[in-house]
Amino acid sequence: MRDIKGEYIGIISVDDSKSGLIPTEETVRPLEIFANLISEIIQKHKLAKEISESEEKYRELVNNIKIGIFRATPKGKILEANPAVVEMFGYANAAKFLNVNKTDLYNDPDDYNEFISELEEKSVVKTEDFTLKREDGEQFWASITSSAIKDKSGKILYYDTVIEDITKRKKLEQEVQRLSVTDELTGLYNRRYFNQNLPIEIRTAERWRSALSLIMIDIDDFKQYNDMYLHLGGDEVLKETAKVISHVIRKEMDWAARFGGDEFVIILPGINSAEAAIVAERLRKYIRAIKFKPKSVIVHKTISLGVAHCYYSETRASRTSTRNYPTNYEKVATDLTILADSALFSSKNSGRNKVTVSKKALEVSRIAR
């Protein structure tokens, strides 16, 4: 007997008949039919065994893999899930997880709706990152790949989804990003962050028809202090100045950056120049009151400050006006910084330890349509 590949899979042996007659084609034919039948049965059994073993290996792989896998209907009912995804979402067992609707796994329902819309359109969505939530409400980052399984008519039967917990990777990325825009010594933002985000703040101020102020700060006679008490002494002054700045500004609204060696900048969204001058004066007094003790000597340091601001104007430019063009936020940011720096220069030139407000201001307004 041969299989479909022509390989032998068995032999049927027939004893000589008692009559001693040689078997004819007519007498052998039933044996051939019987042999083919037996061969087919054997092959089906062998194939079934191979399929069973393959399915078992696949099931073992799915159950042991550390990446979450589940299948859900278009309405969000979860049909199957491997142990990894149950554990990933913090459920005690698969039965509890299968009772959860897929929509409840997303931290933001809009993310789910957006993901499903893209999946319905493309049939496959690969490695998109979302924040999901565990049973206890804890959020985690996940990379999701999903494919729509359809019937012959094109109707979606279910979605097969693979989820990888990438929380550690995201935290590492965020830490790298934080370090790239943070001044190592003071903990404030660095010059790079300032350059990138001041134009964004100005654009936001324009959008909300608001104002924005910038305070530029310089530590008086810092070079002499550094030369006298060495860099460690100078570093202490820089760190204390940064601490006071962080204490004075509004949390979640204002922000500060180290602009240069002994220069700092503060960004105050929604604040006009008069209000910014009050913040600057408060900061000047706090710094003046600190007692630095390099080499056991009490030293009071002072700072000079310059204030500048931009504001939104309700006046609409006419179509023939030269103001009828998109705002160049980078240029406004540069001009605003120059105004604050000029005001700071005036403070330094007129005796130091004082606040000077720029007499000029920059106007930003929406374009006439």
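Bear in mind these aren't lab numbers, they're just calculated from the coordinates by the rules spelled out. Being a predicted model, the structure only gives us computed values, none of them experimental. Here the Cβ is made from the backbone with ideal geometry for all residues, glycine too, and neighbour counts use every protein chain on show.
For region 327-361 and region 241-307, what is the separation of their Cα centres, given in Å?
One Cα centre to the other: 15 Å.
Sort VAL248, VAL355 so that the residue with the fewest other Cβ atoms within 10 Å of its own Cβ comes first and the one with the most comes last.
The order, fewest Cβ neighbours first, is VAL248, VAL355.
Identify the GluC sites (Glu not before Pro) of region 224-284 meeting these criteria: DSSP loop state and at most 10 other C-beta atoms within 10 Å of the C-beta.
GLU252
How high is the relative contact order of region 119-223, given as a whole-number percent (alpha carbon pairs under 8 Å, six or more residues apart)?
Relative contact order comes out at 15 percent.
Can you compute 3J(HN,Hα) from phi for each residue in region 300-312, using the Karplus curve 6.51 cos²θ - 1.76 cosθ + 1.60 with θ = phi - 60°, rounded to whole Hz and x for Gly and Pro?
Calculated HN-Hα couplings, in order: 9, 9, 10, 10, 10, 9, x, 10, 9, 8, 10, 9, 8 Hz.
Do the alpha carbons of any pairs in LYS126/LYS170; LYS66/LYS96; LYS168/LYS239; LYS243/LYS348; LYS243/LYS301 sit beyond 25 Å of each other, and which pairs?
Table pairs above 25 Å Cα-Cα are LYS168/LYS239.
Which order results if SER153, SER273, SER365 are arranged by neighbouring Cβ count within 10 Å, fewest first?
Ascending number of Cβ neighbours within 10 Å: SER153, SER365, SER273.
At a 10 Å Cβ-Cβ cut-off, how would you order LEU305, LEU238, fewest neighbours first?
LEU238, LEU305
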